[in-house]
Amino acid sequence: MNDPARSENLLAAFPKVRSTLPPAYAAIYVEQYKSNRAGETAAASLAQRLEGWLHRQVAADVAGAAGGATLELGAGTLNQLPYEPQTAPYDIVEPFTALYEGSSLLGRIRDAYADIGEVPPTHRYDRITSIAMMEHALDLPLVLARAACLLSPGGVLRTAIPAEGGLLWSLGWMMSTGLEFRLRRGLDYGVIMRHEHVNKATEIETLTKMLFRKVRVRSLGIGRQFSLYRFIEARDPRLDVAAHWALRFA
């Protein structure tokens, strides 16, 4: 984004505020979240199979190789680890510790943090990754800025996201998880989606391009509107921009 006014308008939207869930939704939210992550329903199971594309894209740079030190943002249930080499140092950021506690994969984690701001500023990572996390970040510019500052020289940010805001993505969840949720609960799943997904894919891509000089984007589908997922690879951060965002949004 080269237009300073448009850039400022986008940045001015942050930090965002998450919508409040009505009582009927709040009462079942944690149960629904865990059910989705575990793939316990037909729709959730299908979604997890499709999400395999996200995991494979993020891990494609280390497939069959040792890889360097990695920091995963929003590690959740550690479901990215089966796609990653077992020999490389692997740290995670995940505020919801109940998602990974007791996992058989936990022994592969070197250090775990609840927030990227807890990662020592002296740490450096060859790879910083995230899968279906950036769309949830209320303070997305700050998260991206901190990630940029933690990359080693030549390091890479690899993030995979749903194509939130696109036509195919919207139709996809409405006709699968959304329909199943309405039939089971009698409630509108869109309320939960609007609560969770505060950032559109275009916002995430645009902010990444503002912060990094080299950005490559791949979609699962045709173009931006008719895709389900998007993969973004970013290199060569503008550290002056990162420092500015870190101060502005801290």
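Being modelled with pLDDT of 95 or more, exposed (fewer than 15 other Cβ atoms within 10 Å of the Cβ) and out of contact with any Asp or Glu (no Cβ under 6 Å at 6 or more places or on another chain): is that true of Asp240 here?
Values: modelled with pLDDT of 95 or more: yes; exposed (fewer than 15 other Cβ atoms within 10 Å of the Cβ): yes; out of contact with any Asp or Glu (no Cβ under 6 Å at 6 or more places or on another chain): yes.
The answer is yes for Asp240.
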Take the conditions closer than 30 Å to Thr41 by Cβ, among the basic types (Lys, Arg) and either part of a helix (DSSP H, G or I) or touching a Pro at 6+ places or on another chain (Cβ under 7 Å) (or both) and apply them to Arg194. Does it pass?
yes
Residue selected from the stretch 31-50 under the condition assigned to a helix (DSSP H, G or I), in contact with a helix residue (DSSP H, G or I) (Cβ under 8 Å, 6 or more places away or on another chain) and within 17 Å of Leu179 (Cβ to Cβ), by the criterion modelled with the highest pLDDT:
Gln32
Do the conditions hold for Ala65, that is, is it among the aliphatic types (A, V, I, L, M), modelled with pLDDT under 90 and outside any helix (DSSP H, G or I)?
yes
Step by step: first the residues of the stretch 165-190, then only those that are out of contact with any helix residue (DSSP H, G or I) (no Cβ under 8 Å at 6 or more places or on another chain) and of a type in the set (A, V, I, L, M), then the one that is surrounded by the most Cβ atoms within 10 Å (Cβ to Cβ). Which residue is that?
Leu168
Step by step: first the residues of the stretch 1-30, then only those that are at pLDDT below 90 and surrounded by fewer than 12 Cβ atoms within 10 Å (Cβ to Cβ), then the one that is farthest from Leu142 (Cα to Cα). Which residue is that?
Val30
Of all helices (runs of 4 or more DSSP H) completely enclosed by the stretch 123-190, which ones contain at least 2 residues that are of a type outside the set (S, T, N, Q) and more than 26 Å from Ala24 (Cα to Cα)?
140-150, 167-173
Hey, any hits in the stretch 201-218 for a residue that's aliphatic (A, V, I, L, M) and assigned to a strand (DSSP E or B)?
yes
What pairs come out if I take residues in the stretch 134-153 that are closer than 15 Å to Glu205 by Cα and pair them with residues that are modelled with pLDDT of 95 or more and of a type in the set (Ser, Thr, Tyr) whose C-beta lies under 7 Å away, six or more apart or interchain?
Met134/Thr159; Leu144/Thr208
Members of the stretch 81-118 found to be in a helix (DSSP H, G or I), surrounded by 13 or more Cβ atoms within 10 Å (Cβ to Cβ) and among the polar types (S, T, N, Q), listed by number:
none
Only one of these is surrounded by fewer than 18 Cβ atoms within 10 Å (Cβ to Cβ) and either within 15 Å of the chain's Cα centre (by Cα) or not charged (D, E, K, R) (or both): Pro162, Pro121. Name it.
Pro121
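The values are calculated or read from the model by the stated rules, or taken from the named source; none is laboratory data. Here the structure is a predicted model, which is why all the values come from computation and not from measurement. Here the Cβ is made from the backbone with ideal geometry for all residues, glycine too, and neighbour counts use every protein chain on show.
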